[in-house]
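Below is one structure; the comments refer to it alone.
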Amino acid sequence: MIYINKNTFPFCYVEEKKFEWGEPYEDITPIFNLSIDPELSDLEYTIEVLGKNNFKNNLLKLYNILVNREENVRIENFNNLITNREILLNRIKIYLDSNSAKISPWDLQYYVCFNENDYLESIENETKRILLFERKEYY
């Protein structure tokens, strides 16, 4: 059976499959919204990807990085000057507020395949665009 799970955001394409020995499992693929203006700066583009696709953990990290002015230390290969910091912070806050009640597929209890950073790296490969996020993972 194949269906779209609309209980998560982003929605997921779900295909029910079986292992060779007959045990069922679900192959879950998030459907990302990547219709984003390519003319945006790397930082603005990253904020749009994170916000439109409910990457709450990375969006919150980015918000804290920008508030604390740590972008040159915590974001790999970031050497730019930010002139519109308040606008960027407001944009992030809007996304955080709008996504607060939405559940990401990678935050579900039974979901063990990939985490946010794995998906962000796959989006980078697909779009051939650098995303500016903290790549270190703390456990």
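Rule-based calculations on the coordinates, nothing more; no lab input. Just so it is clear, the structure is predicted and the values come from calculations on it, not from any experiment. Virtual Cβ from ideal backbone geometry, glycine too; neighbours counted across all protein chains shown.
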Handout entry: Exposed-loop-free span, longest in the chain, where trypsin sites (Lys or Arg not before Pro) count as exposed if DSSP calls them loop and at most 10 other C-beta atoms lie within 10 Å
Key = 7-68
Problem - Quarter of Cα convex hull surface for the range 43-82, i.e. mean projection, nm² - result: 2.7 nm²
Problem - Calculated FRET value between residue 40 and residue 135, using beta carbons and R₀ = 25 Å, to 0.05 - result: 0.75
Handout entry: 11 Å reach of a label modelled at residue 25, 7 Å along Cα-to-Cβ, counting backbone N of the range 96-139
Key = 112-113
Problem - the range 9-60: radius of gyration over Cα atoms, expressed as a fraction of 2.2 N^0.38 Å - result: 1.62
Problem - Cα-based Rg and Dmax for the range 39-114, where Dmax is the largest Cα-Cα distance (Å) - result: 13.3, 42
Practice task
Step through the residues of the range 91-99 one at a time and calculate ³J(HN,Hα) from phi using the Karplus curve (6.51 cos²θ - 1.76 cosθ + 1.60, θ = phi - 60°), rounding each to whole Hz and writing x for Gly and Pro.
Solution key: 4, 4, 4, 4, 5, 4, 5, 6, 9
Handout entry: Cross-link pairs beyond the 23 Å C-alpha cut-off, checked among 93/128; 52/102; 6/52; 61/93; 6/56; 52/93
Key = 93/128
Exercise for the section: List, in order, the whole-Hz ³J(HN,Hα) value for each residue of the range 13-30 obtained from phi through the Karplus relation with A = 6.51, B = -1.76, C = 1.60 and θ = phi - 60°; use x for Gly and Pro. Expected result: 7, 10, 10, 7, 10, 9, 5, 4, 8, x, 6, x, 8, 10, 9, 10, 10, x
Exercise for the section: Could you tell me the largest-minus-smallest coordinate of the C-alpha atoms of the range 1-130 on each of the three principal axes, in descending order and whole angstroms? Expected result: 57, 29, 25
